[in-house]
1. Scan region 165-204 for residues that are over 16 Å from the mean Cα position of the chain (by Cα) and assigned to a helix (DSSP H, G or I) and report the count.
2. Has region 96-112 got at least one residue that is over 14 Å from the mean Cα position of the chain (by Cα) and within 15 Å of the ligand (Cβ to nearest atom)?
3. What is the number of the single condition among (1) within 16 Å of I133 (Cα to Cα); (2) touching a helix residue (DSSP H, G or I) at 6+ places or on another chain (Cβ under 9 Å) that N165 does not meet?
4. Quick test of your reading of the structure: F89 fulfils all but one of (1) farther than 28 Å from T216 by Cβ; (2) among the aromatic types (F, W, Y); (3) within 15 Å of the ligand (Cβ to nearest atom). Name the failing condition by number.
5. Which members of region 19-37 meet the condition of being polar (S, T, N, Q), free of Cβ contacts under 8 Å to residues at least 60 places away in the same chain and within 21 Å of L66 (Cα to Cα)?
6. Give the residue, chosen from N142, N228, N136, that is touching a Leu at 6+ places or on another chain (Cβ under 9 Å) and not hydrophobic (A, V, I, L, M, F, W, C).
7. With the condition kept exactly as written, say whether any residue in region 67-75 is of a type in the set (S, T, N, Q) and within 16 Å of the ligand (Cβ to nearest atom).
8. Looking at region 125-133, can you tell me whether even one residue there is among the acidic types (D, E), assigned to a loop (DSSP other than H, G, I, E, B) and within 11 Å of the ligand (Cβ to nearest atom)?
Amino acid sequence: MQIIKTTDYQELSSIAAQMVASQIRGKPNSVLGLATGSTPLGLYSQLTDMHREAGLDFSQVVTFNLDEYYPIAPSDPASYSCYMEKNFFQHVNVQRSRCHLPNGAAADVQQACRDYEEEIDRAGGIDLQILGIGANGHIGFNEPSERLQIATHLVPLTEATRMANSRFFASLDAVPRQAISVGMAAIFRARQILLLASGESKGEAVRETVSGVITTRIPATLLQVHPNATLIFDAATISF
Ligand code: GLP
């Protein structure tokens, strides 16, 4: 795993944006795996600037988001669908027909999971996967567990994750108890992975990811064996 330590969040976002931009310039129809949460906001903002100021072209880019709450309406302001629209899609020239998120409103959620997995396969897999990390080491919504799921699946959220994400909802009670998450296979088949971590609350998870024992109890530790993974974290995360 390549490790890049930055002085601050701004630099972290800027290095990540350069990497994504270089992927898109080299392959305009790149398939990007996208993440939500606070961490990639700076990346999306910098990519928006690159689009506006330097003409970075997203017109052929295909995107697959890692996860979505379940159940949730795509129009719910706390949905990842709304997050992506508000923080990224509406600011660049992506074609909405090429942007995919798991369907948080699906009546048949198991079928929706199978469909999502097939769509990723049909697109040829992910070229560049952006990942954040949960304080408990989750990636996407692949929560710490004895066994991790291979394919896109419905997952019960841990109380720690619901608590951490309650800041996006009116109350803790309003946070859905489940989510649809891409599984470990689609993440690990990504040709390149970019894991972003910022702030002290991620310190322990980052330390384990870099040098801990590989364990499904801290899903991000598995990234140690990916052939082309880069971790970017800022000085506030951990000092080493
Ligand atoms: C959520 C998302 C993850 C994200 C994580 C960290 O649970 N499902 O994909 O990486 O939170 O979020 P944040 O960047 O807000 O700390």
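1. So the first thing to find is which residues in region 165-204 are over 16 Å from the mean Cα position of the chain (by Cα), and the list is 166-178, 199-201, 203-204.
Okay, now just the ones that are also assigned to a helix (DSSP H, G or I), so 166-168, 172-174, 200-201, 203-204.
Result for region 165-204: 10.
2. Yes, that holds for at least one residue.
3. Result: N165 passes all but (2).
4. The single condition F89 does not satisfy is (3).
5. Looking only at region 19-37, we keep the residues that are polar (S, T, N, Q), and these are 22-23, 29-30, 36.
In the following step, the residues that additionally are free of Cβ contacts under 8 Å to residues at least 60 places away in the same chain were identified as 22, 29.
Selection gives N29 alone.
6. On the way: N228 fails: touching a Leu at 6+ places or on another chain (Cβ under 9 Å); N136 fails: touching a Leu at 6+ places or on another chain (Cβ under 9 Å).
Result: N142 is the single residue among N142, N228, N136 that is touching a Leu at 6+ places or on another chain (Cβ under 9 Å) and not hydrophobic (A, V, I, L, M, F, W, C).
7. Start the filter on region 67-75 by keeping residues that are of a type in the set (S, T, N, Q), which leaves 75.
Those left that are additionally within 16 Å of the ligand (Cβ to nearest atom): none.
The answer is no, given that none of the residues of region 67-75 is of a type in the set (S, T, N, Q) and within 16 Å of the ligand (Cβ to nearest atom).
8. Restricting attention to region 125-133, the residues satisfying the condition of being among the acidic types (D, E) are 127.
Among the residues that remain, those that are also assigned to a loop (DSSP other than H, G, I, E, B) are: 127.
Next, from what is left, pick out any that are within 11 Å of the ligand (Cβ to nearest atom): none.
Within region 125-133, not a single residue is among the acidic types (D, E), assigned to a loop (DSSP other than H, G, I, E, B) and within 11 Å of the ligand (Cβ to nearest atom).
The values are calculated or read from the model by the stated rules, or taken from the named source; none is laboratory data. Just so you know, these numbers come straight off a predicted model, no measurement behind them. In this analysis, Cβ positions are derived from the backbone assuming ideal geometry, glycine residues included, and neighbour counts consider all displayed protein chains.
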